[in-house]
DNA sequence: ATTGAAAGAGTCTCAGT
DNA sequence: ACTGAGACTCTTTCAAT
């Protein structure tokens with residue numbers, strides 16, 4: 001099956017379109033998908049009720065907002081049992097926008113967004129290294145984000 | 001300065017709020033920020049005109065949509081001059097949702113979202129390894145996404 | 001720049017199919 | 001389950017400040 005709930009092609013088409021642009025009106029989206037605006041409305045309400053659609057988010061240009069640096073940090077823990085306490089500390093750092101518990105080289109994998117390299121250095125040396133339980137870190141600085149897009153739910 | 005354009009506190013408050021929830025009405029957001037709905041409207045139009053606000057996106061629950069696996073792949077290139085041609089091939093793979101050109105261990109760093117581990121195996125062994133210019137890859141599988149959030153543009 | 005009100009456009013509900 | 005129309009709400013424009 002294509003998904004855990006029983007979504008049909010129309011549901012997926014709605015999701016696919018609105019993942020890129022949630023501003024389109026139900027009437028206009030209905031025209032594109034050859035159904036009425038009312039049908040789009042009913043489908044979206046159902047998707048919201050089921051928890052599949054959680055809302056909409058503003059899409060901004062981070063560089064224009066002054067955030068020039070994206071970095072990925074692999075974290076080695078002293079013991080893997082320290083995950084939860086380290087995660088709690090990482091959550092407090094506003095520059096840390098994402099945390100994953102990973103297999104492979106690192107125990108934890110973090111994404112950091114900040115304004116410039118000096119701010120990144122501050123986060124790495126002043127903030128991260130002071131968290132108890134972190135043995136060492138490895139930093140990948142993004143020199144360029146070639147692309148970032150959503151999953152494609154239709155072929 | 002806080003940013004490259006001259007954004008005041010109200011602009012940042014609007015952005016901060018709508019990055020989490022873009023569905024709020026101008027009137028309601030105005031009430032929260034102690035200005036009229038008309039002012040919110042004017043500010044958002046200016047932010048759009050300046051390219052800071054690029055639109056809104058549907059926020060979905062990927063697990064409920066059947067996408068259970070997030071993986072990060074570090075890619076070693078045979079020569080760094082192959083970046084562009086490899087990037088073009090990676091873009092064609094729908095499972096690859098993000099590509100960064102990075103300093104550090106790897107030349108390229110990729111995020112993959114797919115439905116299950118067998119699909120990930122297929123992407124890694126059938127698709128990635130066939131791209132000319134890739135020497136080898138290192139995979140981090142996310143066992144859990146502890147959090148994922150936006151940058152905080154206000155203190 | 002901000003406001004408030006009127007006009008226009010979109011969402012939501014519901015009876016009919 | 002889909003449709004279309006009416007009620008309601010939100011966005012957009014604009015004259016006044």
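Highest first, please rank the peptides A:55-62, B:139-146 by the mean number of other Cβ atoms sitting within 10 Å of their residues. Walk me through the numbers on the way to the answer.
On the way: A:55-62: 18.4, B:139-146: 16.6.
Answer by packing, highest mean first, reads A:55-62, B:139-146.
Could you bin all the Cα-Cα distances of region B:1-89 into 5 Å bins starting at 0 and give me the percent of pairs in each, rounded to whole numbers?
3, 10, 17, 14, 10, 9, 11, 13, 7, 4, 2, 0
Taking a label point 7 Å from the Cα of residue A:149 along the Cα→Cβ vector, which residues of region B:88-113 have an amide N closer than 15 Å to it?
Only B:88-100, B:111-113 fall inside the zone, counting backbone N under 15 Å.
Helix B:83-92 versus the longest principal axis of chain B: what angle, 0 to 90°, nearest 10, using Cα atoms?
80
Students often check this: by mean Cβ neighbours within 10 Å, which of B:126-133, B:86-93 ranks highest, and how do the rest follow?
Working: B:126-133: 14.2, B:86-93: 15.9.
Per-residue Cβ counts within 10 Å, averaged per peptide and sorted highest first, yield B:86-93, B:126-133.
If you count, for every residue in A:48-56, the Cβ atoms of partner chains within 10 Å of its Cβ, what is the mean?
Whole-number average of other-chain Cβ neighbours for A:48-56 is 5.
Quick one: with label points 7 Å out along Cα→Cβ, list the inter-copy distances for residue B:54 in nm, shortest first?
Between copies, matching label points for residue B:54 lie 2.0 nm apart.
Let me see the P(r) profile for region B:9-50: every Cα-Cα distance counted, bins of 10 Å, each bin given as a percent of all pairs.
31, 65, 4
Sorted from largest to smallest, which semi-axis lengths in Å does the alpha carbon gyration tensor of chain A give for its equivalent ellipsoid, taking the root of 5 times each eigenvalue?
39, 19, 13
Considering only the label points, 7 Å along Cα→Cβ from Cα, what distances in nm to one decimal separate residue A:85 from the same position in each other copy, shortest first?
5.2
I'd like to compare A:98-105, B:45-52: which one has the highest average count of other Cβ atoms within 10 Å, and what's the full order after that? Let's see the in-between values first.
Details: A:98-105: 18.2, B:45-52: 14.8.
Order by mean packing, descending: A:98-105, B:45-52.
What are the principal axis extents of the Cα atoms in the protein assembly as shown, in Å, biggest first?
Principal-axis extents of the Cα atoms in the protein assembly as shown, largest first: 50, 48, 41 Å.
For region B:16-87 and region B:118-155, what is the separation of their Cα centres, given in Å?
Between the Cα centre of region B:16-87 and that of region B:118-155, the gap is 20 Å.
So what's Rg/Rh here for region A:63-142, counting alpha carbon atoms and using the Kirkwood radius for Rh? Before the final figure, lay out the partial values.
Details: Rg = 12.1 Å, Rh = 12.7 Å.
Result for region A:63-142 is an Rg/Rh of 0.96.
Given Cα pairs under 8 Å that are at least 6 residues apart, what percent is the relative contact order of chain A?
Working: 164 pairs, mean separation 39.9, N = 155.
Answer for chain A is 26 percent.
With r as the distance between the Cβ atoms of residue B:36 and residue A:91 and R0 = 35 Å, compute the FRET efficiency 1/(1 + (r/R0)^6) and round to 0.05. List each step's numbers first, then the result.
On the way: r = 36 Å, r/R0 = 1.02.
Here the calculated transfer efficiency is 0.50.
Sorted from shortest, what are the nm distances separating the label point of residue A:136 from equivalent points in the other copies, each placed 7 Å from Cα along Cα to C-beta?
Distances to the matching label points in the other copies: 1.9 nm.
On average, how many beta carbons from a partner chain sit within 10 Å of the beta carbon of a residue in A:92-99? Let's see the in-between values first.
Details: counts 0, 0, 6, 2, 2, 6, 6, 7.
Mean inter-chain Cβ contacts per residue within 10 Å come to 4.
Coordinate-derived values only; no laboratory data. None of the values given here were measured: they were computed from a predicted structure. Reconstructed Cβ throughout: ideal geometry from the backbone, glycine too, with neighbour counts over all protein chains shown.
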